[in-house]
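K.L.:
The following block contains the structure, expressed as structure tokens.
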Amino acid sequence: MNREKLDRWCERGILSLVLAILVFGPLATGAVRTLEFLILQGLTLGVLLLWAVRLWASERTQFLWPPICWMVLAFVAYAIGRYLTCDIEYVGRQELIRVLLYAFLFFAILNNLHGQSETQILSYTLIFLAMGISCYAIYQFLTGSQYVWHFYTAHTPGRASGTYISPNHLAGFLEMLLPLGLAYTLVGRSRPLTRVFLGYAALVMVAGLGVTVSRGGWISAGCALVVLFGVLALHRSYRIPALVLMALLVAACGFFVTKTQFFKERLQAGLDDGKNPELSVRYELWRSAAEMWRDHVWFGVGPGHYDYRFRAYRPEAVQLRPDRAHNEYLNTLADWGVLGAALVLAALGALFAGVLKSWRYVRRSEKEFRTNLSNKFAFVLGAALGLLALMIHSLVDYNMHIPANAILAVSLMAMLSSHLRFATDRYWFTARLRGRIIASVVLVAGILFLGQQQVRSGREYVWLDRAAKAEAYSPAQLTMLERAFAIEPRNFATAYSLGETNRIISFETGDEAAAKRAMEWYARGIQTNPFDGYNYMGYGMCLDFLERFEESESYFNKADELDPNGYWTAAHIGRHYVQVGNYAAARPWLERSLRLKWRGNAIATNYLAIVEERLLESAMEAGRGRLRHSPATPVEPFLAPESGQPDQPEN
């Protein structure tokens, strides 16, 4: 095989793998679960390997390096530095893997798939994929199904999420591709039948976006479409079709919203002050994120650390894990600080500056525009407005933390940046021997690091998955969790699970050795994640079980310091005082826990009943003049079915 043929096959292989990544991610619930993300990581490794081969297969290797590349490279360097200095190594490493994955894909697409044929293949594939997912979402809406494939989702009935877990994230996916589909329909150069199919796909996407009932998605997509039709209306030949299509879309959307009771209630809830608890919770999350950032202005709390540092800033109204701040800009400030946010904004600025610079080179003159359509113009217009919609939606959601949506955004950014080559040749660089060696070293380093992490995470996932399917609190489950921790000893969640499993076993069987083993695992959890108050709380509960009450006090105090507004923490502190027989001290803690969360709070409810009974008995004895002081009878530990992590991520 000659070098030219090998280079061509490598290019086709990269295109196939990138297509697989872009298609698989959205279909696999957004690749938010470990297994699906590992598959994307493996496909990306294939892209890097083929690119490394192509560097030496081509006789004349060139790199396309527009200004945005420097910003991406600077953020990667900053991410590596923050990982090396972050407080929770495991979380920082997982976030670094994502940053590296997205950066490598950006550079690979920019330098290997910048041709118009590749851009058209990727664009058409994504548009028709979005149409298919929208059809599935419409089916979910019409049937009232809350299943995504075989997964049951807990989102609000009456909303559709397609192949995503959250309707908001499906909206984020569709809003990026809807302007692209409409742009190719109106100004793209393709056969009439193809344009008919593209127009039909765009209309189905509008319906799919509608049934998500995502107000943020509606507003962001609406803003992008207004700009799209406004730009097209400036061209005499397309003014009437653009305005007619806009009027039809507005009329159709208005009809369905006003004729569907759920849509009307959803919109009214967004307008009525005090009647939108979802938005009220987001305000609280934004306030907490701002406080977190003000305490760590320049460098942030650490990459991906927001969710793990949140409990110390938790408002009383939020008793679930937020996972993210539901505002990408505040989340970036909290995680990465001013320096990281500045690099992100600089990259976005360089991207749209490049769009403006290449605009007149991809847009034909009025005469040409009327007689000869342009795929270059269609892509630049549609992709830029799709990213604009995502930026608007990012004010109220976190689509860039969904791998499938983040990869789609990165791919659009790479293909948009490649269009700068139509404006100037100054961003092309010929790679000589030294350049090829440097590029090869970087690619090989990326392959080795990401490959090693993938094997490690894959092995850990196998044992964690087996442990989840094993009998709860069984010796077999303990063994599987220990195998997983041996593979990844920095995963504090596994250490906490081992501590909880041993604690439950000790409480059920009275085995003091199991309680001591639980304390060892809690200690490892504290070492790997010092901001998780539940490890301190579990350690204190084991000390109470061993009747070492004086020692346990400090652990409960530390748990309260790390989670001062958590109902779960307050309930267990109240339980601790019940164990030591101080019912007067237990009562305010249990009552506070119920004020924070009264529904489903079995720990506080049951122990408060015990406290009320004991205090009543003491009052009756005092009234009869037979007040006596004696050690409290130990209370049987209450084992609630929710004895694990209570604040699960909120979708």
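K.L.:
Determine if segment 101-108 includes at least one residue that is closer than 30 Å to residue 526 by Cα and in contact with a Leu (Cβ under 9 Å, 6 or more places away or on another chain).
P.N.:
Looking for residues that are closer than 30 Å to residue 526 by Cα and in contact with a Leu (Cβ under 9 Å, 6 or more places away or on another chain), one finds at least one in segment 101-108, hence yes.
K.L.:
Run down 398, 427 and say which single residue is within 26 Å of residue 28 (Cβ to Cβ) and modelled with pLDDT under 95.
P.N.:
The unique qualifying residue is 398.
K.L.:
Further question: Checking the conditions here, which among 84, 6 is over 21 Å from the mean Cα position of the chain (by Cα), in the same structural domain as residue 422 (by TED's automatic domain parsing), surrounded by fewer than 18 Cβ atoms within 10 Å (Cβ to Cβ) and not in a loop (DSSP other than H, G, I, E, B)?
P.N.:
84
K.L.:
Of all residues in segment 508-526, which are out of contact with any helix residue (DSSP H, G or I) (no Cβ under 8 Å at 6 or more places or on another chain) and touching a residue at least 24 places away in the same chain (Cβ under 8 Å)?
P.N.:
Result: 508, single match.
K.L.:
Let me ask something additional. Among 239, 191, 195, 215, which is the only one that is within 27 Å of the chain's Cα centre (by Cα), at pLDDT below 90 and either farther than 16 Å from residue 378 by Cα or not hydrophobic (A, V, I, L, M, F, W, C) (or both)?
P.N.:
Just one listed residue meets the conditions, 215.
K.L.:
Still on this model: Determine if segment 573-595 includes at least one residue that is part of a helix (DSSP H, G or I) and within 29 Å of the chain's Cα centre (by Cα).
P.N.:
The answer is no; no qualifying residue exists.
K.L.:
Something else: I'd like to check which helices (runs of 4 or more DSSP H) are fully inside segment 150-254 and have at least 2 residues that are in the same structural domain as residue 381 (by TED's automatic domain parsing) and without any contact (Cβ under 8 Å) to a residue 40 or more places away in the chain.
P.N.:
In segment 150-254, 192-211, 215-233 are the helices (runs of 4 or more DSSP H) which contain 2 or more residues that are in the same structural domain as residue 381 (by TED's automatic domain parsing) and without any contact (Cβ under 8 Å) to a residue 40 or more places away in the chain.
K.L.:
Scan segment 304-362 for residues that are at positive phi, among the small types (Gly, Ala, Ser) and not in a helix (DSSP H, G or I) and report the count.
P.N.:
1
K.L.:
Right, here's the next one. Going by the conditions given, is residue 457 farther than 30 Å from residue 506 by Cα, in contact with an Asp or Glu (Cβ under 8 Å, 6 or more places away or on another chain) and in a helix (DSSP H, G or I)?
P.N.:
Here the answer is yes, as residue 457 does meet what is asked.
K.L.:
When segment 474-487 is examined, which residues are found to be buried (at least 18 other Cβ atoms within 10 Å of the Cβ) and either more than 23 Å from residue 308 (Cα to Cα) or out of contact with any Ser or Thr (no Cβ under 7 Å at 6 or more places or on another chain) (or both)?
P.N.:
Listed by number, the residues that qualify are 477, 478, 480, 487.
K.L.:
Taking the condition of being of a type outside the set (A, V, I, L, M, F, W, C), more than 28 Å from residue 62 (Cα to Cα) and part of a helix (DSSP H, G or I), how many residues in segment 105-149 meet it?
P.N.:
Result for segment 105-149: 6.
K.L.:
Here is a follow-up. Suppose we filter 91, 47, 99, 72 for residues that are in contact with a Gly (Cβ under 8 Å, 6 or more places away or on another chain) and surrounded by 18 or more Cβ atoms within 10 Å (Cβ to Cβ); which single one remains?
P.N.:
91
K.L.:
Take segment 3-50 and flag every residue that is closer than 20 Å to residue 410 by Cα, touching a residue at least 12 places away in the same chain (Cβ under 8 Å) and polar (S, T, N, Q).
P.N.:
Those that are closer than 20 Å to residue 410 by Cα, touching a residue at least 12 places away in the same chain (Cβ under 8 Å) and polar (S, T, N, Q): 29, 41, 44.
K.L.:
For residues in segment 419-454 being among the β-branched types (Val, Ile, Thr) and part of a helix (DSSP H, G or I), which is nearest to the chain's Cα centre (by Cα)?
P.N.:
447
The values are calculated or read from the model by the stated rules, or taken from the named source; none is laboratory data. A quick note: this is a predicted structure, and the numbers were derived from the prediction, not measured. Reconstructed Cβ throughout: ideal geometry from the backbone, glycine too, with neighbour counts over all protein chains shown.
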